[in-house]
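Let me begin by presenting the structure, written as structure tokens, before commenting on it.
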Amino acid sequence: MNLNDTDFQLFAVPATFAQDRAVLDARWKELQREAHPDRFAAQGAAAQRVAMQWSVRINEAYQRLKDPIRRASYICELNGAPLNAENNTAMPGAFLMQQMEWREALDDARDIAAVEVLQEDVETTRARALSSLDWLIDEKGDYPGAVQQVRALMFIERFGEDVEKKLDQLGQ
């Protein structure tokens, strides 16, 4: 293992958006077994500290690779198209209109059925956006385009969380 390896190299998987979660999970367990500090107990405290650093590095890579939004953002950054979400919040007008319509629909929803309809729409939109990311990254290599899609997905995810909260409130 090399600390300078990308997450994909560390996990020995292709640097693509499409990933098999079972492969990532299995590789994570394997890497954690290899780097577990207890395996280095006989080698002293310094070796255990290095093993702990590796364990942290493995966990960080796993968290990034298993989450589609974080993985896409990471791929874009590796390919010279950083997300810069903190200072680049511009979105297409049609997307912003959809967000406003969703917000109004959520505010107006008075029963679980209305919120569930909205939740289904959000999930469908999320699935389309993820599929689009797969195409933009793995098929087209359009990393600037993928950055826009990642940013849109971040909005969609946040709104999906708000929908879940509303469902919880109505279900009480």
Per-region count, the range 11-30, residues touching a Phe, Trp or Tyr at 6+ places or on another chain (Cβ under 9 Å) and assigned to a helix (DSSP H, G or I): 6
Only one of E60, E86 that is part of a helix (DSSP H, G or I) and among the acidic types (D, E): E60
The range 31-50 residues that are assigned to a helix (DSSP H, G or I), paired with ones that are β-branched (V, I, T) (beta carbon under 7 Å, 6 or more apart): L31/I58; Q32/I58; A35/I58
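Give the residues of the range 55-105 that are β-branched (V, I, T), farther than 21 Å from R126 by Cβ and surrounded by fewer than 14 Cβ atoms within 10 Å (Cβ to Cβ), sorted by residue number.
Of all residues in the range 55-105, those β-branched (V, I, T) come to 56, 58, 69, 75, 89.
Filter once more, so that each one left must be farther than 21 Å from R126 by Cβ: 56, 58.
Hit for the range 55-105 is V56, nothing else.
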Selection within the range 135-165 - crowded, with 18+ Cβ neighbours inside 10 Å and farther than 29 Å from A15 by Cβ: F159, V163
R64 vs. criteria touching a helix residue (DSSP H, G or I) at 6+ places or on another chain (Cβ under 8 Å), among the charged types (D, E, K, R) and modelled with pLDDT of 95 or more: yes
Residues of the range 6-50 that turn out to be farther than 21 Å from L130 by Cβ and modelled with pLDDT of 95 or more, as a count: 10
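The values are calculated or read from the model by the stated rules, or taken from the named source; none is laboratory data. These numbers come from a predicted model, not from an experiment. Note that each Cβ is placed from the backbone with ideal geometry, even for glycine, and that neighbours are counted across all protein chains shown.
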